[in-house]
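Here, each number is a calculation from the coordinates, and none is a lab measurement. Quantities reported herein were computed from a predicted structural model and do not represent experimental measurements. Counting neighbours? That spans all protein chains shown, and the Cβs are built from the backbone with ideal geometry, glycine included.
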Amino acid sequence: MTADERRIVVRSEFGLPYSKGLMAQSIMATGLAPERSFALAAEIERRLSLGGAAEIEVDELRQVAEQVLAQQEGKEVVERFRRWWRLRRLSQPLIVMIGGVTGVGKSTVATQLAGRLGITRVIATDQLRQVVRAFFSHDFMPSVHHSSFDVARALTAYRSDESGTVAGFLRQAHDLAPGIDALVHRAISEATPIVLEGVHLLPEVPDPELRRRAIDVHVMLAARNEREHRAHFHIRGAETPRSPDRYLGAFDRIRVLQDYLIERAQQEGIPIIDEPGIEAALGRVTEVVLEAVGEAH
């Protein structure tokens, strides 16, 4: 057994061997790429081995990590690392809301963000819609039985033009609002961080009064470039069994909803993240979240 394998990190009453994987995950929360994060985690391990001690306190480990980050990456990365470290000591739960229409990468960004931040609860509002429609018939709650961009086409109560597309979507969003509020309420009552993603996350959904009891971060992903947005559906079709034809056939309506959501986000000061590629979007969302965590202290 080597000195590195005997290295112990003391965590209150428990001792765990230093893990490059866990440290790399922590460093990735600053927005650095995985390969760079693992290289820095290895350098931290090397520094620990040079120290000679068999045990190290968690705060001492953090200080060594900050020294390495400061020397090799700079003050900005160190500050983001410190903000990530504060996540475990927040007095209020963190609620991250990632909005945007279909085809902008919400699910991928939400899942990867949760992994970087160590959040285990990730819920899509479309999952909630599937649950609600299983309990309520089409006659009782028709809006939840159709995709957000198809409500107006499916229900005669709405016009089939752009205003009708938005009105049908809003009906669905507000029908789902009580369920979304319930998810947030539970996260707050359990003091558990959560990542929510979905088109239904509006400035008024979840309830702003409820969100005041948490550290809430709301961002909206967008794909303003029409060609890039359309390409997302072709890529999705190649990677999953779902055909892109349904979404491409509704592309104009999806774009109408995006225009509406962008306008609402601009009015409410919600950051709009329109980056070329998932990694860039993920990095920007991570920055916004860590900024909010820093401001909470």
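Springs join every pair of Cα atoms under 10 Å in this Gaussian network model of the chain, and among ILE98, ILE235, ILE119 the largest mean-square fluctuation is at ILE235. First check a/c for the range 18-99, with a ≥ b ≥ c the square roots of the eigenvalues of its C-alpha gyration tensor; if it is under 1.5, answer rounded, and if not, answer prolate when a/b is larger than b/c or oblate otherwise. Prolate. With a cut-off of 14 Å between beta carbons, the residues surrounding ALA114 carry a summed charge of +2, where Lys and Arg count +1 and Asp and Glu -1. Sorting ASP139, ASP126, ASP252, ASP216 by the number of Cβ atoms found within 10 Å of their own Cβ, with the fewest placed first, yields ASP139, ASP252, ASP126, ASP216. About the centre of its Cα atoms, the chain shows a dipole size close to 340 debye [charges on the beta carbon of Lys, Arg (+1) and Asp, Glu (-1) only; nearest 20 debye].
Put simply, the amide H of GLU275, placed in the peptide plane, has neighbours under 5 Å in ALA222, leaving out anything fewer than 5 places away on its chain. The relative contact order of the chain comes to 23 percent, based on Cα pairs under 8 Å that sit 6 or more residues apart. Find the percent of Cα-Cα distances in the chain that exceed 30 Å, and round it to a whole number. For the chain, the share of Cα pairs beyond 30 Å comes to 40 percent. With the helix formula -39500 (n - 2.57) applied to DSSP H stretches of n ≥ 4, the chain reaches a computed 222 nm mean residue ellipticity of -18000 deg cm²/dmol. The alpha carbons of the range 74-133 stretch over 48, 27, 15 Å along the principal axes, in descending order. Between the residues VAL64, LEU155, MET28, the greatest Cα displacement towards the positive end of the dipole of the chain, with unit charges on the Cβ of Lys, Arg, Asp and Glu, is found for LEU155.
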